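First up is the structure itself, then whatever we jot down about it.
Every read-out reported here was derived from the displayed coordinates using simple, explicitly stated rules and does not represent laboratory data. Because the structure is a prediction, the values reported are computed rather than measured. As a convention, Cβ positions derive from the backbone with ideal geometry for all residues, glycine included, and neighbour counts pool all protein chains shown.
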Amino acid sequence: MGNAYLSHSYFIPGKVNPLVFIIGRTVGVFQYVFRQLLVGDIAFVLFIVGLVIVFRSRPVSSRVTSRHLGWLLLLPFAFNCAAALVRAYPYGGTRHSCMLIPFALAGVSVALAQLMKHKVFSGMAAALLISLVCHLSTAKELPYVAPDAQRSANMEAAMAFIHQLPTEEPIFADVQTNLMLGHYLCNQRPFVSDRSIPGFVSYECGGHRVIASTTKYIFTAKSFYDQWQEMVAKYHVQPGKKIWVAQMGWYTYVAFELGNFPQFHLAPHYFGPQIQIFDLKVGQIMPDPNLLPTT
């Protein structure tokens with residue numbers, strides 16, 4: 001996912017200045033925490049103010065100094081940021097940095113408490129004002145998935161379509177799609193999977209057989225071509241056998257990209273902007289793999 005929606009959460013040498021990356025991704029953490037761009041920016045400034053206040057405050061005890069508390073708030077951000085700089089772990093406004101939420105809120109709270117002079121009424125008024133700004137401001141953080149794509153009706157229609165497919169025609173999917181098929185097609189019930197074929201997993205749910213890659217999280221046109229050839233060979237699928245390809249979630253472009261090659265004669269079924277299902281026959285003419293998009 002470092003090349004997909006998390007690409008901005010990993011430092012890429014030569015592409016962005018390290019200081020710009022650190023500041024930008026840290027601000028992104030606060031925008032994610034408050035789910036609002038404007039309030040997130042303000043919260044980041046308040047966090048810096050809170051750090052200054054903590055570092056300059058009186059010692060809590062003979063063993064716990066103000067510096068101890070200040071570093072306690074700062075080091076989690078430093079560790080997460082350092083991991084992103086060496087491309088070991090993402091840092092920024094995604095759930096992967098949610099362990100920073102307690103420290104972010106603590107720092108912001110210190111600054112607000114000082115500004116409100118530790119008055120309860122003033123604190124409640126500030127909280128109400130922040131809530132109003134979050135709901136009324138247009139500077140909201142955009143979701144990774146558009147609202148129209150998140151409608152439950154899209155998945156319900158896709159599952160209804162799959163249930164009416166012939167049971168002898170299997171479904172092929174990438175890892176991302178397989179996670180959703182395992183949830184919705186199997187009605188959230190346990191199922192037995194077969195991992196005897198390296199690189200793939202297969203199982204049956206609702207009378208339908210699913211074969212999914214275990215190595216490609218999201219199919220691109222090129223990786224789909226490679227995985228299709230490997231799957232057909234390893235499962236000894238006979239020529240002429242129809243297989244349905246399902247792709248659900250982020251970056252579902254395979255049907256669109258393959259549709260640019262007239263020899264496919266694809267007729268994809270779309271269920272919202274991010275769920276596509278189409279059929280292919282084993283042994284049909286395939287395009288030159290060197291012409292297929294890799295991203």
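Listed values, structure above:
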| read-out | value |
| --- | --- |
| Listed values (1) 20.4; (2) 19.0; (3) 22.6, entry calculated as Kirkwood radius over Cα pairs in Å | (3) |
| Free-standing Cys, the chain [no other Cys Cβ under 4.7 Å] | 81, 98, 134 |
| Environment charge at residue 84 (Cβ cut-off 14 Å; Lys +1, Arg +1, Asp -1, Glu -1) | +3 |
| Given charges at Cβ of Lys, Arg, Asp, Glu: the chain dipole, positive-most of 158, 217, 21 | 21 |
| For 99, 248, order by how many other beta-carbon atoms lie within 10 Å, fewest first | 99, 248 |
| Assigned charges on the beta-carbon of Lys, Arg, Asp, Glu; the stretch 7-136 dipole about Cα centre (debye) | 260 debye |
| FRET efficiency for residue 57 and residue 257, using Cβ-Cβ distance with R0 set to 45 Å, rounded to 0.05 | 0.20 |
| Debye, to nearest 20: dipole size of the chain, +1 on Lys, Arg Cβ, -1 on Asp, Glu Cβ | 1420 debye |
| Neighbour-count order for 163, 236, 135, fewest beta carbons within 10 angstrom listed first | 236, 135, 163 |
| Global geometry of the stretch 160-288, whether rounded, prolate or oblate, following the gyration tensor of its Cα atoms and the 1.5 cut on a/c | rounded |
| Around residue 66: net Lys/Arg minus Asp/Glu count, Cβ-Cβ under 11 Å | +3 |
| Antiparallel DSSP beta bridges within the chain, as percent of all bridges there, nearest 5 | 75 percent |
